[in-house]
1. What percent do you get for the relative contact order of segment 101-183 when only Cα pairs under 8 Å and 6+ apart count?
2. Please give the length that would be gained between residue 214 and residue 10 if that part of the chain were fully extended, namely 0.36 nm times their separation in residues minus their C-alpha to C-alpha distance (nm, one decimal).
3. Going by how many other beta carbons lie within 10 Å of each one, how would you line up 77, 231, fewest first?
4. What list of whole percents do you get for P(r) of segment 8-88, with Cα-Cα distances grouped in 10 Å bins up to the one holding the largest distance?
5. Taking the Cβ of each residue in 179, 233 as the centre, tally the other Cβ atoms inside 10 Å and list the residues starting with the fewest.
6. For segment 101-183, build the convex hull from the C-alpha positions and give me its volume per residue in Å³.
7. Using a 10 Å cut-off around each Cβ, can you sort 229, 145 from fewest to most neighbouring Cβ atoms?
8. Rank by packing, highest mean first: peptides 62-75, 2-15, 33-46, with packing defined as the count of other Cβ atoms within 10 Å averaged across residues.
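Bear in mind that the values in this text are calculations on the coordinates, not laboratory data. Quantities reported herein were computed from a predicted structural model and do not represent experimental measurements. Using ideal geometry, Cβ is built from the backbone for each residue, glycine included, and neighbour counts are taken over all protein chains shown.
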């Protein structure tokens with residue numbers, strides 16, 4: 001970060017930069033500086049580390065409302081407070097109620113994510129929170145989350161780089177939201193996730209084998225989990241649908257006579273999921289809840305909405321795959337495996353696979369091109385063998 005001696009002339013010379021805020025730190029008083037926003041607002045700050053070693057920020061006032069001399073005196077007082085083992089932000093924290101990350105995360109989900117963002121994004125954010133962020137940082141005051149916390153969270157997930165990056169992006173979005181409203185839940189300052197070098201992500205597609213399908217079927221029948229979760233998982237395997245599409249499925253969208261699920265909205269817009277006779281039989285056996293339009297209503301205990309939450313399926317799947325020794329199989333791989341069966345066993349073309357999975361872009365289905373190539377090779381082998389056999393036949397004279 002740039003440093004220079006803060007003077008009245010220095011303050012006047014600082015110009016805003018489009019689309020980013022920046023900081024200038026005083027060379028004569030450690031931790032004392034000024035933040036310049038894209039709109040041109042300049043704010044005096046004091047940056048310090050509390051007794052537990054966490055980096056914290058305190059606003060001392062806006063340039064113009066507070067003089068440079070006054071701000072420097074306030075920073076010197078805070079420096080003495082830190083030296084004595086106290087936290088200059090303690091009174092501000094107490095006034096805010098020292099919001100924990102977990103408390104703010106729930107407000108963020110209900111007031112922002114579930115109102116403004118797509119269902120798939122909601123599912124991704126909820127999964128990142130429940131599985132990784134909350135267990136690690138949930139009890140920490142959100143104002144104390146620093147870059148060391150974000151880096152540690154990221155590095156702990158380095159074996160799964162895509163998940164690690166997704167978790168950091170989720171935390172970053174949450175922290176940015178928490179600083180809105182002039183720092184309502186977290187003091188204004190740099191987002192601790194900014195600058196973290198993300199891992200390189202490589203595409204990974206895992207297909208279930210017939211033996212693994214059999215093992216999963218036996219495990220589902222024997223598992224002591226809620227019936228609704230069992231049925232939802234069975235439908236995922238039988239339809240190739242996305243987890244959120246099954247978890248939020250409503251009975252008005254189910255057309256059993258025509259063996260179809262007519263979804264008015266999905267990641268790709270309105271779509272139809274065609275059902276096999278086995279999938280139809282599963283839905284016919286499943287009772288309807290008199291007070292809910294959802295096929296899988298939420299239990300009254302979890303309080304996560306009117307329907308089964310996709311993260312509930314994710315948690316149950318993780319327990320199931322652990323017991324089966326299939327730690328590398330994600331719940332979403334049921335969708336990839338459906339495409340694999342469609343191509344390798346039943347010979348569907350790429351456009352046909354896209355139709356089954358509800359893809360609107362051919363480029364999305366292209367990830368399964370190697371499966372279609374394998375089918376083409378099998379056809380070529382059989383066709384070539386037929387022709388070769390004919391060529392070798394003796395012709396009667």
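1. Working: 49 pairs, mean separation 30.7, N = 83.
It rounds to 37 percent for segment 101-183.
2. Working: separation 204, 0.36 × 204 = 73.44 nm, distance 7.17 nm.
Taking 0.36 nm per residue and subtracting the Cα distance, the gain is 66.3 nm.
3. Working: 77 13, 231 19.
So the ranking, lowest neighbour count to highest, is 77, 231.
4. 19, 49, 26, 6
5. Values: 179 18, 233 23.
With the fewest neighbours first, 179, 233 line up as 179, 233.
6. Values: hull volume 6.8 nm³, N = 83.
Spelled out: Cα convex hull of segment 101-183, divided by residues, is 82 Å³.
7. Values: 229 20, 145 25.
Ranked by crowding around the Cβ, least crowded first: 229, 145.
8. Working: 62-75: 15.9, 2-15: 12.2, 33-46: 18.0.
Highest mean packing first, the order is 33-46, 62-75, 2-15.
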